[in-house]
Amino acid sequence: MDDRNPGDPPDPCPPGEELDAAIRQAFLALDDFIVHESARIVLGLTKEEYATLQAGGEWDTSKDAERPKLPRAKAYDALSYPYAGSCAIMGLFNPQDRSLGVALTGDLRAVHGRRVPAPTSNSSQKYTYEATALTADQNASNASEAALLTAAHPDEPDLLKNSRVVGWGCSRAFGDGSMKWPLPVQHQLREKYFGDRVRKEVKTPPYFTAEPVITRWEGKEGQGKVEKGDFVVFGSDGLWECLENEEVIGLVGWWLEERGVRERVKEEKKKGVGRELMLPPVFKSSRQTFDDDSNNDTDDMDGAPPTPVKLHISRRPSSSSSASTTQKTKIPSDLPVIYPPTFKDSTTQHKLWRAEKKFVCEDENIAAHLVRNALGGADQDLREAITGMDVGRCRRFRDDISVVVVFFD
């Protein structure tokens, strides 16, 4: 009988190879269901017939009359999922050995941050932050991805034209059936069920796969793997088009230095006072769920369970907020982060906006802090213009942004 609590890892944990295999299988099975199973059902094909098409076979027109016909409205609805595309990123932390695995399909990114002693040349601060990319974007600019695609499609000189995969940004994704379906399937969907036009660049699908690339954080020489106080930022490409890895980690570091809780921990095999950590704060909103604001001492409620406190993310913290608002602004070089000697800002969006990067620290929520600074930061006029555009036009000036920041205890 398994006595584990919900969320506890198995003891002992399966080997890393088994975990990786299970993750790959899950990713691929989900994508196969989204892309191929939906098309097979819509077209009324048996699994054997569909497998023949995937293997390069021709469409058997002699069986068209006996195949089940799906109403077009239902077919159109079913095909909306495989025609769409999505990326995915997954982190798997093992508290037993402090290892962190990241599985990536697409062009999202995970970046690890750690508070470290500042270089001796920097006399203005004792600590700074170090950024380490845990993933590599899966697109035509990735040499490994480009090599795999070229080997699979050797007779297509325009395969990676303009640093895109047959005109698309990433090289791995869930969905995007038009980059995966056999050509006979695409032609039948087009002819019978309002399917998209088959793109002339698509000659030998599949081009995309949902199989994830799995990497593991092994730490740096002389350091542990995942240590208390570390954090990882998971973000969609819209974030990284606005901010470099170091800028994101520096922004988290700035937020921690302003709002965090200091803690000193002893380090094994080292003498001295230990290492100083900066841990994230725990905010209690001024918006309480209590009915009576005059006396909210839950210890005197005759054993009743504590009333929960709702978290509230405000656009601008009120003057009564327990966390102070930093009014000053910073430019990238002011952030508490180590930039490599060869650092070069390769982000595109601020160049498109013809704006300089200026940052501010005024959000209680760390993800909101990153998104604010990705989309204009201290430049309120720019930020309101970028975020206020209608859906049809905004994609010309910014991509969607999703951010998750994980702090490790």
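The values are calculated or read from the model by the stated rules, or taken from the named source; none is laboratory data. From a predicted model like this one, the values you see are computed outputs, not experimental measurements. Cβ placement follows ideal geometry from the backbone for every residue including glycine, while neighbour counts extend to all protein chains displayed.
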- [ ] Report those strands (runs of 3 or more DSSP E) wholly inside segment 79-167 carrying at least 2 residues which are more than 30 Å from ARG264 (Cβ to Cβ) and out of contact with any Lys or Arg (no Cβ under 9 Å at 6 or more places or on another chain).
- [x] 88-94
Open item on the list: Criterion first (touching an Asp or Glu at 6+ places or on another chain (Cβ under 8 Å) and not assigned by TED's automatic domain parsing to the domain that holds VAL233) does PRO154 satisfy it?
Closed with: no
- [ ] For ASP64, state whether it is out of contact with any Ser or Thr (no Cβ under 7 Å at 6 or more places or on another chain), surrounded by fewer than 17 Cβ atoms within 10 Å (Cβ to Cβ) and either part of a helix (DSSP H, G or I) or modelled with pLDDT under 90 (or both).
- [x] yes
Task: Subset of segment 189-208 [in contact (Cβ under 8 Å) with a residue 24 or more places away in the chain, surrounded by fewer than 19 Cβ atoms within 10 Å (Cβ to Cβ) and touching an Asp or Glu at 6+ places or on another chain (Cβ under 9 Å)] - done: GLU201, LYS203, THR204
TODO: Check LEU251 against each of (1) modelled with pLDDT of 50 or more; (2) exposed (fewer than 15 other Cβ atoms within 10 Å of the Cβ) and name the one condition it does not meet.
DONE: (2)
TODO: Could you please give the count of residues in segment 365-409 that are hydrophobic (A, V, I, L, M, F, W, C) and either in contact (Cβ under 8 Å) with a residue 60 or more places away in the chain or not assigned by TED's automatic domain parsing to the domain that holds MET278 (or both)?
DONE: 12
- [ ] Go through (1) outside any strand (DSSP E or B); (2) in contact with a Ser or Thr (Cβ under 8 Å, 6 or more places away or on another chain); (3) within 21 Å of CYS170 (Cβ to Cβ) one by one and return the number of the condition LYS200 breaks.
- [x] (2)
